[in-house]
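Here the structure comes first, spelled out in C-alpha coordinates, and everything after it is commentary.
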Amino acid sequence: MRGYGLLLDKVVVITAAAGTGIGSATARRCVQEGAKVVISDHHERRLAATAAELGVFAHPCDVTSTEQVDALVEAAVAQFGRIDVFVNNAGLGGTASVLEMSDEDWHRVLDVTLNGTFRCTRAVLKHMIAQGNGGAIVNNASVLGWRAQKGQAHYAAAKAGVMALTRCSALDVAEHGIRVNAVAPSIAMHPFLEKVTDAALLERLAAGEAFGRAAYPAEVANVIVFLASDLASYLTGEVISVSSQHP
(Lines give C-alpha, C1' and ligand atoms only; values in the text may rest on other atoms or scores of the structure.)
Protein backbone atom coordinates (compact mmCIF):
# COMPACT_ATOMS: atom_id res chain seq x y z
CA MET A 1 0.00 0.00 0.00
CA ARG A 2 1.34 3.43 -0.91
CA GLY A 3 1.39 6.17 1.68
CA TYR A 4 -0.19 9.61 1.60
CA GLY A 5 2.10 11.44 4.04
CA LEU A 6 -0.50 11.29 6.81
CA LEU A 7 2.18 10.97 9.51
CA LEU A 8 5.03 12.73 7.74
CA ASP A 9 7.93 13.31 10.17
CA LYS A 10 5.79 12.43 13.20
CA VAL A 11 7.45 10.27 15.86
CA VAL A 12 5.29 7.22 16.56
CA VAL A 13 5.85 4.69 19.36
CA ILE A 14 4.05 1.34 19.18
CA THR A 15 4.00 -1.32 21.90
CA ALA A 16 3.79 -5.07 21.23
CA ALA A 17 4.90 -4.45 17.67
CA ALA A 18 7.06 -7.53 17.05
CA GLY A 19 5.86 -10.43 14.94
CA THR A 20 2.90 -10.47 12.58
CA GLY A 21 -0.04 -8.93 14.42
CA ILE A 22 -1.75 -5.55 14.59
CA GLY A 23 1.28 -3.86 16.16
CA SER A 24 3.72 -4.76 13.41
CA ALA A 25 1.10 -3.98 10.75
CA THR A 26 0.64 -0.56 12.35
CA ALA A 27 4.39 0.04 12.37
CA ARG A 28 4.54 -0.84 8.67
CA ARG A 29 1.68 1.54 7.83
CA CYS A 30 3.23 4.34 9.90
CA VAL A 31 6.50 3.95 8.00
CA GLN A 32 4.56 4.11 4.73
CA GLU A 33 2.92 7.33 5.93
CA GLY A 34 6.29 8.98 6.56
CA ALA A 35 6.60 8.55 10.33
CA LYS A 36 9.73 8.02 12.39
CA VAL A 37 8.81 4.81 14.18
CA VAL A 38 9.83 3.27 17.49
CA ILE A 39 8.65 -0.28 18.10
CA SER A 40 8.67 -2.10 21.39
CA ASP A 41 7.94 -5.59 22.65
CA HIS A 42 9.05 -7.87 25.48
CA HIS A 43 10.04 -10.59 22.95
CA GLU A 44 13.49 -9.19 22.20
CA ARG A 45 14.45 -11.65 19.42
CA ARG A 46 11.23 -11.06 17.48
CA LEU A 47 11.55 -7.33 18.17
CA ALA A 48 15.02 -7.22 16.63
CA ALA A 49 13.84 -9.17 13.58
CA THR A 50 10.87 -6.86 13.04
CA ALA A 51 13.01 -3.74 13.49
CA ALA A 52 15.50 -5.02 10.93
CA GLU A 53 12.73 -5.84 8.47
CA LEU A 54 11.08 -2.41 8.76
CA GLY A 55 14.23 -0.34 9.30
CA VAL A 56 12.94 1.28 12.49
CA PHE A 57 14.26 1.99 15.99
CA ALA A 58 13.47 -0.66 18.60
CA HIS A 59 13.52 -0.67 22.38
CA PRO A 60 12.41 -3.68 24.48
CA CYS A 61 9.73 -3.11 27.10
CA ASP A 62 7.52 -5.15 29.39
CA VAL A 63 4.46 -2.97 30.00
CA THR A 64 3.87 -4.57 33.42
CA SER A 65 6.96 -2.67 34.64
CA THR A 66 6.66 1.06 35.30
CA GLU A 67 10.44 1.36 35.12
CA GLN A 68 10.58 -0.26 31.67
CA VAL A 69 7.69 1.84 30.39
CA ASP A 70 9.39 5.03 31.56
CA ALA A 71 12.62 3.85 29.94
CA LEU A 72 10.83 3.25 26.63
CA VAL A 73 9.45 6.77 26.57
CA GLU A 74 12.84 8.22 27.51
CA ALA A 75 14.60 6.15 24.83
CA ALA A 76 12.20 7.36 22.14
CA VAL A 77 12.67 10.98 23.20
CA ALA A 78 16.45 10.53 23.31
CA GLN A 79 16.42 9.04 19.80
CA PHE A 80 14.07 11.49 18.08
CA GLY A 81 13.65 14.43 20.46
CA ARG A 82 9.92 14.05 20.97
CA ILE A 83 6.90 11.73 20.73
CA ASP A 84 3.92 12.76 18.61
CA VAL A 85 1.89 9.53 18.65
CA PHE A 86 1.77 6.60 21.05
CA VAL A 87 -0.05 3.40 20.14
CA ASN A 88 -0.96 1.20 23.10
CA ASN A 89 -1.17 -2.18 21.41
CA ALA A 90 0.09 -4.50 24.17
CA GLY A 91 -2.49 -6.97 25.42
CA LEU A 92 -2.82 -10.51 26.70
CA GLY A 93 -5.71 -12.91 26.18
CA GLY A 94 -6.65 -16.40 27.22
CA THR A 95 -9.73 -18.56 27.61
CA ALA A 96 -11.11 -19.68 30.96
CA SER A 97 -14.47 -19.87 32.68
CA VAL A 98 -14.85 -17.65 35.73
CA LEU A 99 -15.51 -20.90 37.61
CA GLU A 100 -11.98 -22.08 36.87
CA MET A 101 -10.10 -18.80 36.52
CA SER A 102 -7.39 -18.28 39.13
CA ASP A 103 -6.44 -14.97 40.70
CA GLU A 104 -3.17 -15.23 38.76
CA ASP A 105 -5.03 -15.69 35.45
CA TRP A 106 -7.20 -12.67 36.15
CA HIS A 107 -4.41 -10.38 37.36
CA ARG A 108 -2.01 -11.31 34.54
CA VAL A 109 -4.48 -10.37 31.80
CA LEU A 110 -5.54 -7.17 33.57
CA ASP A 111 -1.96 -6.17 34.32
CA VAL A 112 -0.78 -6.42 30.72
CA THR A 113 -3.91 -5.27 28.93
CA LEU A 114 -5.36 -2.55 31.17
CA ASN A 115 -2.65 -1.59 33.64
CA GLY A 116 -0.02 -1.63 30.90
CA THR A 117 -2.09 0.76 28.82
CA PHE A 118 -2.46 3.02 31.86
CA ARG A 119 1.29 2.97 32.61
CA CYS A 120 2.19 3.87 29.03
CA THR A 121 -0.50 6.54 28.81
CA ARG A 122 0.63 8.20 32.03
CA ALA A 123 4.29 8.16 31.01
CA VAL A 124 3.86 9.53 27.49
CA LEU A 125 1.30 12.18 28.44
CA LYS A 126 3.83 13.81 30.76
CA HIS A 127 6.24 14.16 27.83
CA MET A 128 3.54 15.35 25.42
CA ILE A 129 2.40 18.03 27.85
CA ALA A 130 5.99 19.18 28.39
CA GLN A 131 6.50 19.35 24.60
CA GLY A 132 3.53 21.69 24.32
CA ASN A 133 2.55 20.80 20.76
CA GLY A 134 -0.32 18.38 21.30
CA GLY A 135 -0.10 14.72 20.35
CA ALA A 136 -2.23 11.63 19.94
CA ILE A 137 -2.65 8.34 21.76
CA VAL A 138 -4.42 5.41 20.12
CA ASN A 139 -5.38 2.46 22.30
CA ASN A 140 -6.17 -1.03 21.05
CA ALA A 141 -9.39 -2.11 22.74
CA SER A 142 -11.72 -4.87 21.49
CA VAL A 143 -15.37 -5.38 20.64
CA LEU A 144 -15.34 -7.68 23.69
CA GLY A 145 -15.44 -4.48 25.72
CA TRP A 146 -19.06 -4.35 24.49
CA ARG A 147 -19.95 -7.95 23.70
CA ALA A 148 -20.13 -11.07 25.84
CA GLN A 149 -18.12 -14.13 24.87
CA LYS A 150 -17.78 -17.35 26.82
CA GLY A 151 -14.47 -17.77 28.59
CA GLN A 152 -13.40 -14.15 28.12
CA ALA A 153 -14.35 -12.47 31.40
CA HIS A 154 -10.81 -11.29 32.19
CA TYR A 155 -9.99 -10.09 28.68
CA ALA A 156 -13.39 -8.43 28.16
CA ALA A 157 -13.14 -6.67 31.53
CA ALA A 158 -9.66 -5.43 30.65
CA LYS A 159 -10.73 -4.15 27.23
CA ALA A 160 -13.82 -2.44 28.69
CA GLY A 161 -11.41 -0.79 31.09
CA VAL A 162 -9.26 0.39 28.17
CA MET A 163 -12.36 1.98 26.66
CA ALA A 164 -13.16 3.81 29.90
CA LEU A 165 -9.52 4.86 30.32
CA THR A 166 -9.60 6.24 26.78
CA ARG A 167 -12.68 8.37 27.42
CA CYS A 168 -11.58 9.73 30.78
CA SER A 169 -7.93 10.41 29.94
CA ALA A 170 -9.08 12.23 26.80
CA LEU A 171 -10.87 14.76 28.99
CA ASP A 172 -7.91 15.03 31.34
CA VAL A 173 -5.63 16.29 28.56
CA ALA A 174 -7.96 17.99 26.08
CA GLU A 175 -6.82 21.41 27.29
CA HIS A 176 -3.30 20.51 26.11
CA GLY A 177 -4.48 19.70 22.59
CA ILE A 178 -3.74 15.99 23.06
CA ARG A 179 -6.21 13.48 21.63
CA VAL A 180 -6.86 10.00 23.07
CA ASN A 181 -8.89 7.51 21.05
CA ALA A 182 -9.18 3.75 20.64
CA VAL A 183 -9.94 1.10 18.06
CA ALA A 184 -12.08 -1.91 18.93
CA PRO A 185 -11.37 -4.76 16.50
CA SER A 186 -13.53 -7.86 16.39
CA ILE A 187 -11.16 -10.48 14.99
CA ALA A 188 -7.96 -9.84 13.04
CA MET A 189 -6.31 -13.00 11.73
CA HIS A 190 -2.56 -13.50 11.91
CA PRO A 191 -0.25 -16.51 12.44
CA PHE A 192 0.27 -16.02 16.19
CA LEU A 193 -3.47 -15.87 16.85
CA GLU A 194 -3.97 -19.03 14.81
CA LYS A 195 -1.28 -20.75 16.87
CA VAL A 196 -2.77 -19.94 20.29
CA THR A 197 -6.52 -20.09 19.54
CA ASP A 198 -8.79 -23.02 18.77
CA ALA A 199 -9.26 -23.26 15.00
CA ALA A 200 -12.98 -24.06 15.27
CA LEU A 201 -13.56 -20.96 17.40
CA LEU A 202 -11.68 -18.74 14.96
CA GLU A 203 -13.69 -20.15 12.08
CA ARG A 204 -16.96 -19.55 13.91
CA LEU A 205 -16.04 -15.97 14.85
CA ALA A 206 -14.91 -15.15 11.33
CA ALA A 207 -18.08 -16.64 9.83
CA GLY A 208 -20.13 -14.37 12.09
CA GLU A 209 -18.72 -11.24 10.47
CA ALA A 210 -20.76 -9.58 7.73
CA PHE A 211 -18.02 -10.20 5.18
CA GLY A 212 -17.68 -13.81 6.30
CA ARG A 213 -14.02 -13.41 7.21
CA ALA A 214 -11.74 -11.97 9.84
CA ALA A 215 -10.04 -8.61 9.33
CA TYR A 216 -6.46 -8.44 8.15
CA PRO A 217 -4.13 -6.72 10.66
CA ALA A 218 -3.48 -3.98 8.10
CA GLU A 219 -7.20 -3.16 8.02
CA VAL A 220 -7.07 -2.40 11.75
CA ALA A 221 -3.80 -0.53 11.28
CA ASN A 222 -5.45 1.74 8.70
CA VAL A 223 -7.93 2.96 11.32
CA ILE A 224 -5.15 3.43 13.87
CA VAL A 225 -3.24 5.55 11.35
CA PHE A 226 -6.36 7.65 10.72
CA LEU A 227 -6.83 8.29 14.46
CA ALA A 228 -3.14 9.15 14.82
CA SER A 229 -3.23 11.60 11.91
CA ASP A 230 -4.44 15.18 11.67
CA LEU A 231 -7.46 13.92 9.69
CA ALA A 232 -8.90 12.99 13.11
CA SER A 233 -8.12 16.40 14.63
CA TYR A 234 -11.59 16.79 16.18
CA LEU A 235 -11.91 13.25 17.53
CA THR A 236 -11.04 12.50 21.13
CA GLY A 237 -12.41 10.08 23.71
CA GLU A 238 -13.86 7.94 20.92
CA VAL A 239 -13.79 4.16 20.50
CA ILE A 240 -14.05 3.15 16.85
CA SER A 241 -15.29 -0.35 16.11
CA VAL A 242 -13.21 -2.09 13.42
CA SER A 243 -15.74 -4.79 12.69
CA SER A 244 -18.28 -5.77 10.07
CA GLN A 245 -20.70 -6.62 12.89
CA HIS A 246 -22.64 -4.26 15.12
CA PRO A 247 -21.40 -4.41 18.75
Legend entry - Selection count where residues are farther than 14 Å from H176 by Cα and touching a strand residue (DSSP E or B) at 6+ places or on another chain (Cβ under 8 Å), scope region 103-139: 7
Inset, instruction - Return a yes/no flag: does region 73-85 have any residue that is surrounded by fewer than 18 Cβ atoms within 10 Å (Cβ to Cβ), touching a residue at least 24 places away in the same chain (Cβ under 8 Å) and either among the polar types (S, T, N, Q) or in contact with a Gly (Cβ under 6 Å, 6 or more places away or on another chain) (or both). - result: yes
Legend entry - E53 vs. criteria modelled with pLDDT of 95 or more, within 22 Å of V112 (Cα to Cα) and not basic (K, R): no
Inset, instruction - Among what's in region 138-158 and is out of contact with any helix residue (DSSP H, G or I) (no Cβ under 6 Å at 6 or more places or on another chain) and aliphatic (A, V, I, L, M), pick the residue that is farthest from E238 (Cα to Cα). - result: A153
Inset, instruction - With the condition kept exactly as written, say whether any residue in region 168-182 is under 15 Å from the mean Cα position of the chain (by Cα) and under 29 Å from E203 (Cβ atoms). - result: yes
Legend entry - Hits in region 1-59 - residues which are part of a loop (DSSP other than H, G, I, E, B) and touching a residue at least 60 places away in the same chain (Cβ under 8 Å): M1, L6, L7, K10, T15, A16, A17, G19, T20, G21, E33
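Across region 122-143, what is the number of residues that are surrounded by fewer than 22 Cβ atoms within 10 Å (Cβ to Cβ) and assigned to a helix (DSSP H, G or I)? Please lay out each step first, then the result.
Filtering region 122-143 for residues surrounded by fewer than 22 Cβ atoms within 10 Å (Cβ to Cβ) gives 122-123, 125-127, 129-134, 143.
Pick out the ones that are also assigned to a helix (DSSP H, G or I) and you get 122-123, 125-127, 129-131, 143.
Within region 122-143, residues that are surrounded by fewer than 22 Cβ atoms within 10 Å (Cβ to Cβ) and assigned to a helix (DSSP H, G or I) number 9.
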Inset, instruction - State whether the residues of region 56-63 include one that is among the aliphatic types (A, V, I, L, M), farther than 22 Å from A136 by Cα and out of contact with any Lys or Arg (no Cβ under 8 Å at 6 or more places or on another chain). - result: no
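The values are calculated or read from the model by the stated rules, or taken from the named source; none is laboratory data. Predicted, not measured: the structure shown is a model, and the values here were computed from it. As a convention, Cβ positions derive from the backbone with ideal geometry for all residues, glycine included, and neighbour counts pool all protein chains shown.
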